[in-house]
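Chemist: This is the structure I want to talk about, given as structure tokens.
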Amino acid sequence: MPPRDHVNVYGGGDKRCIWVAEEDVAMYAMLSVDDPRTLNKVLYLRPPANILSQMEVIEMWERLIGRELSKTFISEDEWLSQMDKMPPFEQSAMAHFCHIYYRGELDFEVEGPHGVGGSELYPHYKYVTAQEYLERFV
């Protein structure tokens, strides 16, 4: 359930990442399993309307619920300072989180002969937008 009063914002909340609903991951997998265009390729899921920053998603949610959330901005240094207190498996998750929300390393274009984009291969598939996903919780 998205928050209704307070949210933590990582860094400035400005790094873009890809938001994909679980049912869309499953559908793209089913669409691609027998598709020769995906043979020996990496299928990237990058629904165009869902390449958003954390702040864009927060603002979308605030519009839906009709109020502004209080925000705590957490710097990268603050986030990383917690890692040594965590068990190794949680450190790995925290490192991935850091790469996504602080360094913006999921904001890339599909390139090369070994990658294909799900939205380009299956433009007929109506994926769940971030807006539609959040509307489930209003």
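Chemist: Against the longest principal axis of the chain, how steep is helix 22-32, in degrees 0 to 90 to the nearest 10, with axes from Cα atoms?
Modeler: Approximately 20 degrees, to the nearest 10.
Chemist: What distance in nm lies between label points placed 7 Å from Cα along the C-beta direction at His114 and Glu76?
Modeler: 2.7
Chemist: Quick check on the chain: of the DSSP beta bridges with both residues there, what percent are antiparallel, nearest 5%?
Modeler: Taking every DSSP beta bridge within the chain, about 25 percent pair in antiparallel fashion.
Chemist: Turning to a different aspect of this structure: Could you give the nm distance between label points at Met1 and Glu90, where each point is 7 Å from its Cα heading toward the beta carbon?
Modeler: 2.4
Chemist: Okay, helix-only estimate at 222 nm for the chain: each DSSP H run of n ≥ 4 adds -39500 (n - 2.57), divide by all residues, round to 500 deg cm²/dmol; what do you get?
Modeler: The per-residue figure over the chain is -11000 deg cm²/dmol.
Chemist: Give me the dipole magnitude in Debye, nearest 20, for the chain about the Cα centre, with unit charges on the beta carbon: positive for Lys and Arg, negative for Asp and Glu.
Modeler: Roughly 160 debye, rounded to the nearest 20.
Chemist: When Lys and Arg each count +1 and Asp and Glu each count -1, what net charge do the other residues less than 13 Å away from Arg63, Cβ to Cβ, add up to?
Modeler: Residues close to Arg63 contribute a combined charge of -4.
Chemist: Hey, if you put +1 on the Cβ of every Lys and Arg and -1 on every Asp and Glu Cβ in the chain, which of Gln54, Tyr102, Phe73 ends up farthest toward the positive end of that dipole?
Modeler: The residue sitting most towards the positive pole is Gln54.
Chemist: Give me the three principal axis extents of the chain from the C-alpha atoms, as integers in angstrom, largest value leading.
Modeler: Rounded to whole Å, the extents work out to 47, 38, 23 Å.
Quick note: the coordinates plus some simple rules give every number you see, no bench work behind them. Note that the structure is a prediction, hence the values are computed from the model and not measured. We place every Cβ from the backbone using ideal geometry, glycine too, and count neighbours over all the protein chains shown.
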